1. What is the spin-label model distance, in nm, from residue 51 to residue 72 if the labels are put 7 Å beyond Cα along the C-beta direction?
2. For the residue pair residue 97 and residue 236, what label-to-label distance in nm results when each label sits 7 Å from Cα along the Cα-to-beta-carbon direction?
3. Specify whether the C-alpha gyration tensor of the range 44-103 places it in the rounded, prolate or oblate class, a ≥ b ≥ c being the square roots of the eigenvalues: rounded for a/c under 1.5, otherwise prolate if a/b is larger than b/c and oblate if not.
4. Using only Cα atoms, what Kirkwood radius does the range 2-81 have, in angstroms?
5. Sort 263, 102 so the one with the fewest other Cβ atoms within 10 Å of its own Cβ comes first.
6. Multiply the residue separation of residue 206 and residue 153 by 0.36 nm, subtract the distance between their alpha-carbon atoms, and state the gained length in nm to one decimal.
7. Does anyone have the angle between helix 154-165 and the longest principal axis of the chain? Alpha-carbon axes, 0 to 90°, nearest 10?
8. Using only Cα atoms and rounding to the nearest 10 degrees, what angle (0 to 90) does helix 49-59 make with the longest principal axis of the chain?
């Protein structure tokens with residue numbers, strides 16, 4: 001029986017290959033929730049030592065600056081997070097393959113990279129978790145899609161779900177739905193920000209100061225989301241409740257319908273999912289060259 005099935009996450013060694021914002025968000029969640037002591041977490045990148053020093057100072061995690069090597073951190077890890085940029089994935093995984101064993105759990109946060117492709121690069125027996133977190137994970141309000149390779153054990157699944165619960169909620173989905181998760185929650189925060197930008201612009205044009213406009217819009221979006229979450233009612237029902245016949249809200253919604261607002265959002269989500277597929281195919285082509 002491996003260490004993963006004997007113990008909880010607190011006794012494990014975690015290593016992040018890639019030290020960008022998503023890796024940092026997950027580390028912050030793990031540390032803030034006290035799931036893992038910072039000295040059990042290592043973060044690695046190819047060359048940016050300033051970034052590693054910043055992360056060590058901020059969280060107390062381990063890096064090459066503390067005297068060990070990337071190879072030693074990877075060999076000693078129970079869980080390895082693949083958090084490099086998609087364009088660097090194929091070469092980076094080829095580099096680290098000699099240091100990986102099939103006793104380790106591999107968690108990928110690389111958009112578009114399939115479980116099959118990771119297995120092709122690291123070995124088909126590897127226990128691989130493919131995830132699609134979003135940037136709201138940075139403040140503990142993320143939404144993550146999770147898919148598993150066949151060799152991931154029930155205990156390893158529990159570990160993965162515990163990790164992503166520390167930065168928000170998660171949904172276990174068939175891998176074929178990961179692109180849809182990208183279109184909805186991966187890219188989704190940007191759609192909401194874009195809508196907020198337009199609302200703020202409208203408020204300013206109507207004479208409200210920029211700061212007041214921002215405050216009003218932020219609270220309106222926050223309140224609407226919380227209404228759905230706390231009441232459990234469907235968004236459509238809440239919309240109906242606030243829409244009086246021939247009132248101000250109805251006038252605005254009619255204009256949105258005239259300009260095919262819902263159709264545009266649906267098409268945008270589909271396009272994001274399609275683009276995720278295209279990026280994944282591009283990575284696979286680079287692997288199979």
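1. Taking the two extended label points, one gets 2.3 nm.
2. According to this spin-label approximation, the distance is 5.0 nm.
3. Numbers: a/c = 2.01, a/b = 1.35, b/c = 1.50.
Because a/c hits 1.5 or more and a/b fails to exceed b/c, the range 44-103 counts as oblate.
4. On the way: mean 1/r = 0.0797 Å⁻¹.
Computed over Cα pairs of the range 2-81, the Kirkwood hydrodynamic radius comes out at 12.5 Å.
5. In increasing order of surrounding Cβ atoms, one gets 263, 102.
6. Details: separation 53, 0.36 × 53 = 19.08 nm, distance 5.74 nm.
Contour length minus Cα-Cα distance gives 13.3 nm.
7. Taking the Cα atoms of the chain, the angle to 154-165 is about 50 degrees.
8. The helix 49-59 is inclined about 80 degrees to the chain.
Every number here is computed from the coordinates shown, using simple stated rules; none is lab data. All values reported here derive from a predicted model rather than from experimental measurement. For neighbour counting, all protein chains shown are included, and Cβ atoms are generated from backbone atoms with ideal geometry for every residue, glycine included.
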